[in-house]
1. Ignoring ligands, DNA and RNA, what accessible area per residue does the stretch 391-441 give at 1.4 Å, in Å²?
2. In Å, the Kirkwood hydrodynamic radius of the stretch 295-445 over pairs of distinct alpha carbons?
3. In the stretch 296-445, what percent of the accessible surface is made up of carbon and sulfur (1.4 Å probe, ligands and nucleic acids excluded)?
4. Counting pairwise Cα distances across the stretch 254-376, what percent come out greater than 24 angstrom?
5. Using a Gaussian network model on the chain with a 10 Å cutoff between Cα atoms, which of N417, N323, N234 fluctuates the most?
6. Of A406, V435, Y425, which is farthest along the charge dipole of the stretch 364-445 in the positive direction, counting Lys and Arg as +1 and Asp and Glu as -1 at C-beta?
7. About its Cα centre, what dipole magnitude does the chain give when the only charges are +1 on Lys and Arg Cβ and -1 on Asp and Glu Cβ, stated in debye to the nearest 20?
8. Under 10 Å, Cα contacts only: if you run a Gaussian network model on the chain, which one of G152, G321, G243 comes out with the highest mean-square fluctuation?
Amino acid sequence: MPTVYRGTVVHTKSFDEFESFGPGFVAVEGEKIIGVGSDLEKWLSEQKLKSEDVTEVQLTEYQFLMPGFVDCHIHAPQYDQYGLGLDMPLLDWLNTYTFPLEAKFADPKYAQQVYKNVVEATIRCGTTLASYFATNHLESTLVLAREAVRQGQRALVGKVCSNCNSPDFYVEKTEDSVKHTKLFVQEIQNLKSPLVMPTITPRFALSCSEDLLKQLGSIAKSDDLHIQSHISENVSEIEVVKGIFKTSYAQAYDNAGLLTKKTVMAHGVHLEDSEIALLRDRGTSIAHCPASNTMLSSGLCDVQRLVKSGVTVGLGTDVSGGNSVSIKDALLRSLDVSKHLDFFKKQNIWGTGTAKIPDPKYQQLKYKQAFYLATLGGAKALALDHITGNFAVGKQFDALLVDVSALEQPTRSLNVNELLEKFIYTGDDRNILKVFVAGKSIKKE
Ligand code: GUN
Ligand code: FE
């Protein structure tokens, strides 16, 4: 029997198309959305259904239904240092804290506890789809994939590949990196879970030789796999990459066949115009990670510039360079970054990266656009918008039931926009009562 959620419903159709039904309904059968709109009676009669043929769930006046959050970039092992060591720029941070931490994941037992916790935490914060980096280790990466399946979260999971410019205790031989990547893909395909997908994951151009990047590009191509990595995050990093590859950061990846429609690159803070054009031509997306760009002092990423150039953008927490596991938090911080860019650009104050280009016509990101980035934009960035990201009929029911009165009873009624604003600007995981993936409620009560 279908379930019909009745009440306020919000979602997006594109960057500039926000849609709400207040009141409205979403009808779900099994995993899938079978109806959405404002007129339930009309829909029931079109379906030749009577009200007794469906199970109705009535939302309260301060509740609403929205698509699940999509985290386009998160490092699962780094949850072990969540909120710690955020006092250095990228390359020092990697060498001082992160590589030693990730090396511990040679032990799958160690990995098990951390991975259980990070999947639980992201679900608690409403992440229905996450694109995870694990570590260099095959066994532990499989632990992460199984944990996502066990807890019912949709996930892209990648065994990280690094064969150079890394410490001796955390580096692979090229042939092992390739062999373990192939084995990982095989093992995930053997799981036969619709929730988890293997993802080719060169850590970043700096830690992969040209040969390894090319071999990873051809594995991705032969199996039409998802790809994830980092690009143009930090000025010093970019200089080293250009020195090694004798070309731009984006071109280094493109030469290896790693820029595809199924590629998502994290950061892109300092991309040149020609690199943005290349990403757009290849259909490659950017995971905007505002928390980590601030915490690791990488810079202010100009999302408007990317979107206007035709690049798809989603949001990433980039835990633990980012200090919050919540995409709701990333959404708010993308608005902060956009406001800060506005100050720089309009007042012509010299900033870093893209902030140093004055633009009197710069337009701040609006909260409904940021809401798109956190949901459908993310699904698009991960090339999964045909199955998730909004409430289009036929998609999977990946959704959040939000209650803005969970912490404090409002003293007046709130319209649809105000409900969403309250949640975006003041809410947290305690406002997320239920998290659905493929129609199943997965948040721990
Ligand atoms: N670049 C290469 N590895 C990393 C990482 O773990 N975090 C971030 N933020 N950037 C990276
Ligand atoms: Fe990252």
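1. Details: 2330 Å² over 51 residues.
That works out to 46 Å² per residue.
2. Working: mean 1/r = 0.0584 Å⁻¹.
The answer is 17.1 Å.
3. Numbers: 3080 of 6020 Å².
C and S atoms contribute 51 percent here.
4. 23
5. N417
6. V435
7. Numbers: 47 positive and 53 negative charges, 90 e Å.
The dipole of the chain has a size of about 440 debye.
8. Largest GNM mean-square fluctuation: G243.
The values are calculated or read from the model by the stated rules, or taken from the named source; none is laboratory data. Keep in mind that this is a model prediction, so the values were computed, not measured. Backbone-built Cβ (ideal geometry, glycine too); neighbour counts: all protein chains shown. What goes into the accessible areas is simple: the full protein's heavy atoms, side chains included, and nothing from ligands, DNA or RNA. Shrake-Rupley method; radii C 1.70, N 1.55, O 1.52, S 1.80 Å.
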